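Reading through the structure tokens given below for one structure.
The values are calculated or read from the model by the stated rules, or taken from the named source; none is laboratory data. Just so you know, these numbers come straight off a predicted model, no measurement behind them. Cβ placement follows ideal geometry from the backbone for every residue including glycine, while neighbour counts extend to all protein chains displayed. Surface areas here come from the heavy atoms of the whole protein model, side chains and all, with no ligands, DNA or RNA. Shrake-Rupley method; radii C 1.70, N 1.55, O 1.52, S 1.80 Å.
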Amino acid sequence: MPRKKSGKTAARKFGETIERIEQFTDELHELSLSKQALTWGYEAALLKTYVAFERLMLDCIVAAVNNDTGTISARTGIAFPKHLTDEVCEYLVTSGGYFDFKGRAGLIKVVRGYVPDGHWLLNAVKKTHYKDQLDILVALRNFAAHESPASKRTAIAAVGQQQIGSAGSWVKRQGRFRTMTKSLIKLADEIETGAPY
């Protein structure tokens, strides 16, 4: 039988990816870049960070269902077979589309759709000390990706300021990017510690 998905492995891989992204931002500062180029570099780092976090969450939900279909059965009331492939589990989560959530509250809602209360993944994501950084990550990612008036308003609200030039310009200042990645790594560490597999 193939190996099951692992929340611990997903969390470790996330940490390694964030470390590479942080190295990338360090390298940006070693170059003679214009302010605009540095801003765009940080927007790229922000987008890659979001992609890595999204993958972490999807992999952890898939791991939860893949290792114990009782998790999703507890939420849906449907008795699933004991053994489902990774691909089937991912399909259950994405419905053949892409994985998406709106802010921390939206992420909690998505996770709750697949695991019962008290589950290791839900416990980690629900911790209030991750709320601000998760909301900022999602809002800035959306602003960087769309640059729409709506995404800008949401980003301004998330960062708690009166205005913001761009996602990259905000996150590159005052060590904000490292504050964000430090919080995300701490969350991944909690997931790795809490995951039984």
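The table below lists the values:
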| item | result |
| --- | --- |
| Loop-located chymotrypsin sites (Phe, Trp or Tyr not before Pro) in the stretch 20-104 whose Cβ has at most 12 other Cβ within 10 Å (DSSP) | Tyr98 |
| At most 15 other Cβ within 10 Å, DSSP loop - GluC sites (Glu not before Pro), the stretch 117-197 | Glu147 |
| Highest-fluctuation residue, Val51, Val62, Val93 considered, GNM on the chain with Cα pairs under 10 Å | Val51 |
| Percentage relative contact order, the stretch 68-197, counting C-alpha pairs under 8 Å, at least six apart | 22 percent |
| Surrounding net charge for Gly70, when Lys and Arg each add one and Asp and Glu each subtract one, Cβ distance under 15 Å | +1 |
| Violating pairs (Cα-Cα greater than 20 angstrom) within the set Lys4/Lys186; Lys4/Lys82; Lys109/Lys152 | Lys4/Lys186; Lys109/Lys152 |
| Cα centroid separation, the stretch 129-197 to the stretch 3-67 (Å) | 13 Å |
| P(r) histogram, all alpha-carbon pairs of the stretch 100-164 included - 5 Å bins from 0, percent | 4, 19, 25, 20, 14, 10, 6, 2 |
| Area of Thr76 that stays accessible when all protein chains are in place (1.4 Å probe, Å², to 10) | 60 Å² |
| Net charge of Cβ neighbours under 11 Å - reference Phe143; Lys, Arg +1; Asp, Glu -1 | +1 |
| Space enclosed by the convex hull of the alpha-carbon atoms of the stretch 1-125, per residue, Å³ | 117 Å³ |
| Neighbourhood charge, 15 Å Cβ-Cβ cut-off, centred on Phe24 and excluding it, Lys, Arg +1 and Asp, Glu -1 | -3 |
